[in-house]
Amino acid sequence: MINKQSLWFLTLFSLILVLSVYYITMPNDLLLTNNSVYENSSNNNIEETGAIVKESEILVAMRIELEEERAIKKSDLQGLLTSAEVTSEEKNEALEELKYLNFLSGQEETLEVKIKSEFGIDSFIEIDGNQITVVAIKDKHDSTLANNIMRSIQSTYQDKMYITVKFENS
């Protein structure tokens, strides 16, 4: 039997999934029209905010894909936690994996903010075990910048991490 917490989780997850699919399948013309209206209205407020925040479509697509993968994993793990047929040891393992997925998301976001503040570059970071993949949006591909990004990220970890930096054009 499904309890209230599981029902709410499934309802919210379904809503997020439907909105994500709707956003992805929306025509680009509609998105461009809405963005231009937004940018025109926000140009009046540049003095207040300082700058317009614009993010690359590549980064948004990568984030959505990673979030969808993790949402599916979390949904499966939530199913294990609510199942009556699973042992307590398996439930504990599922709970630990859920905590780890949330921890990874937090680490990735922290590293993205660090790269943005240190180098002024929008980026996408994915952590998989001891491998970190960085996709940075920059027109000029610079090996010195890539090396500095790798050093900056490695400085936050005590263990050796395998860091890959890839540049994408904006």
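The values are calculated or read from the model by the stated rules, or taken from the named source; none is laboratory data. Everything numeric here is computed off the predicted structure, so don't read it as measured data. Note that we place each Cβ from the backbone using ideal geometry, even for glycine, and neighbour counts take in every protein chain shown.
Against the definition (under 13 Å from the mean Cα position of the chain (by Cα), surrounded by 11 or more Cβ atoms within 10 Å (Cβ to Cβ) and at pLDDT 90 or above), how does L104 come out, yes or no? Criteria met by L104. Would you check if there is a residue in segment 55-69 being loosely packed, with under 14 Cβ neighbours inside 10 Å and modelled with pLDDT under 80? Yes, there is a match, as at least one residue in segment 55-69 is loosely packed, with under 14 Cβ neighbours inside 10 Å and modelled with pLDDT under 80.
Looking only at residues of segment 84-142 that are in a loop (DSSP other than H, G, I, E, B) and among the small types (G, A, S), we find that the one that is farthest from N169 (Cα to Cα) is A84. In segment 143-170, the qualifying residues are those that are assigned to a loop (DSSP other than H, G, I, E, B) and of a type in the set (D, E, K, R), and the one that is nearest to F103 (Cα to Cα) is D159.
Applying a threshold of 6 Å to beta carbon distances and a minimum spacing of six or more residues, or different chains, the list of pairs starting in segment 144-170 at a residue that is touching a residue at least 12 places away in the same chain (Cβ under 8 Å) and ending at one that is surrounded by 16 or more Cβ atoms within 10 Å (Cβ to Cβ) and part of a loop (DSSP other than H, G, I, E, B) reads F167/K138; S170/S56. When L15 is tested against (1) assigned to a helix (DSSP H, G or I); (2) modelled with pLDDT of 85 or more, only condition (2) is not met.
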